[in-house]
1. Here is a list of conditions, (1) open to solvent by less than 50 Å² (accessible area, probe 1.4 Å); (2) free of Cβ contacts under 8 Å to residues at least 24 places away in the same chain; (3) farther than 30 Å from residue 34 by Cα, and residue 138 meets all of them except one; can you say which number that is?
2. Looking for something open to solvent by less than 20 Å² (accessible area, probe 1.4 Å) and either part of a strand (DSSP E or B) or modelled with pLDDT under 95 (or both) - is there at least one such residue anywhere in region 195-204?
3. Given the conditions (1) outside any helix (DSSP H, G or I); (2) open to solvent by 10 Å² or more (accessible area, probe 1.4 Å), and given that residue 220 satisfies all but one, which numbered condition is not satisfied?
4. Within region 166-197, track down each residue that is in contact (Cβ under 8 Å) with a residue 60 or more places away in the chain and over 23 Å from residue 243 (Cα atoms).
5. Give region 263-274 a look and list any residue that's in a helix (DSSP H, G or I) and more than 17 Å from residue 223 (Cα to Cα), or say none.
6. I'd like the full set of residues that are over 22 Å from residue 79 (Cα atoms) and either under 16 Å from the mean Cα position of the chain (by Cα) or not hydrophobic (A, V, I, L, M, F, W, C) (or both), limited to region 167-179.
7. Can residue 188 be described as open to solvent by less than 30 Å² (accessible area, probe 1.4 Å) and part of a loop (DSSP other than H, G, I, E, B)?
8. In the set 203, 215, 254, which member is hydrophobic (A, V, I, L, M, F, W, C), touching a helix residue (DSSP H, G or I) at 6+ places or on another chain (Cβ under 7 Å) and closer than 20 Å to residue 115 by Cα?
Amino acid sequence: MLVRVGSRGSRLALTQAEQAAAALRRPGIEIAFVPITTAGDRDRTRPFGEIGARGVFVKELEEALLAGRIDVAVHSAKDMTSTDADGLAVGAYLERDDPRDALVGAAEIRPGMRVGTASARRRAQLLAFEPTLSVEPLRGNVDTRLRKRAERGLDAIVLAACGLDRLGLAGEIGARLEPELMLPEAAQGALALQVRAGEEELVARADHAPTRARVEPERACVAEIGAGCLAPVAAYHDGTTLHALIAGDDGEWVERRSGDDPVELAQELLAVRR
């Protein structure tokens, strides 16, 4: 049986696709990789809000699934919309890697630093922690952002720790930012294997139940808030408790809440900001 696995074409995405393939391989299963370019890959200069809504790194993969050109789409789960697209389902989450954000170029956040990130969530929390920072936009794949940090003379950049780990670049990390300082993006650190609805059995054996039990409440909380990936919103389940956050664009206000029910938690946060 041939299983066509679609992913973005970056070095990190292909590394992640191979992780997925390793979890799917068994006697009688042949894997074929299908690289797909997304809107977020084509336009690496404009802010995400000018390209489109949340999902700029997944839409073309989902379209390929629905059209039958691929059988499995491999996503960084944090890039997905917070609810599943019609006709599609996450059949498996691979075991979650480090969900934290990583500071690259410095061992700590210091007053007055120039820090690069394209994430509104990271920007808001950085400025809430240290208002004197100069937070500058920085886009591109991992290798590009590492290169741009040096070219632009930035003191540090913030990336997902899991991406650096997967690429063998853990040595670039100056500090892993604990959730108390930088609450992660919902589902950060997890890989999602998306399939057509009704075909979940194709990838079910790769599903890591403890990861699903943490990631799905995070996604549900963000879905209830109704914020896209451009809004300063975060949700992270530590295995015991769900933590969520909404913030002002420049970190001028931050509201955090913790609880068990993702819908109730989201409604608490929304009520505070009304």
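The values are calculated or read from the model by the stated rules, or taken from the named source; none is laboratory data. Predicted model, so just to flag it, every value in this text is computed and none were measured. Using ideal geometry, Cβ is built from the backbone for each residue, glycine included, and neighbour counts are taken over all protein chains shown. Accessible surface is based on the protein model in full, side chains and every heavy atom, while ligands, DNA and RNA are left aside. Shrake-Rupley method; radii C 1.70, N 1.55, O 1.52, S 1.80 Å.
1. Exception for residue 138: condition (3).
2. Step one: filter region 195-204 for residues open to solvent by less than 20 Å² (accessible area, probe 1.4 Å), giving 195, 203.
Pick out the ones that are also either part of a strand (DSSP E or B) or modelled with pLDDT under 95 (or both) and you get 195.
Yes; the residues of region 195-204 include at least one that is open to solvent by less than 20 Å² (accessible area, probe 1.4 Å) and either part of a strand (DSSP E or B) or modelled with pLDDT under 95 (or both).
3. Among (1) outside any helix (DSSP H, G or I); (2) open to solvent by 10 Å² or more (accessible area, probe 1.4 Å), residue 220 violates only (1).
4. 166, 167, 172, 173, 174, 193, 194, 195, 196, 197
5. We begin by selecting, within region 263-274, every residue in a helix (DSSP H, G or I); these are 263-273.
The one that is in a helix (DSSP H, G or I) and more than 17 Å from residue 223 (Cα to Cα): 272.
6. Within region 167-179, 171, 172, 174 qualify.
7. Working: open to solvent by less than 30 Å² (accessible area, probe 1.4 Å): yes; part of a loop (DSSP other than H, G, I, E, B): yes.
So residue 188 passes the test.
8. Values: 203 fails: closer than 20 Å to residue 115 by Cα; 215 fails: closer than 20 Å to residue 115 by Cα.
Only one candidate passes the filter, namely 254.
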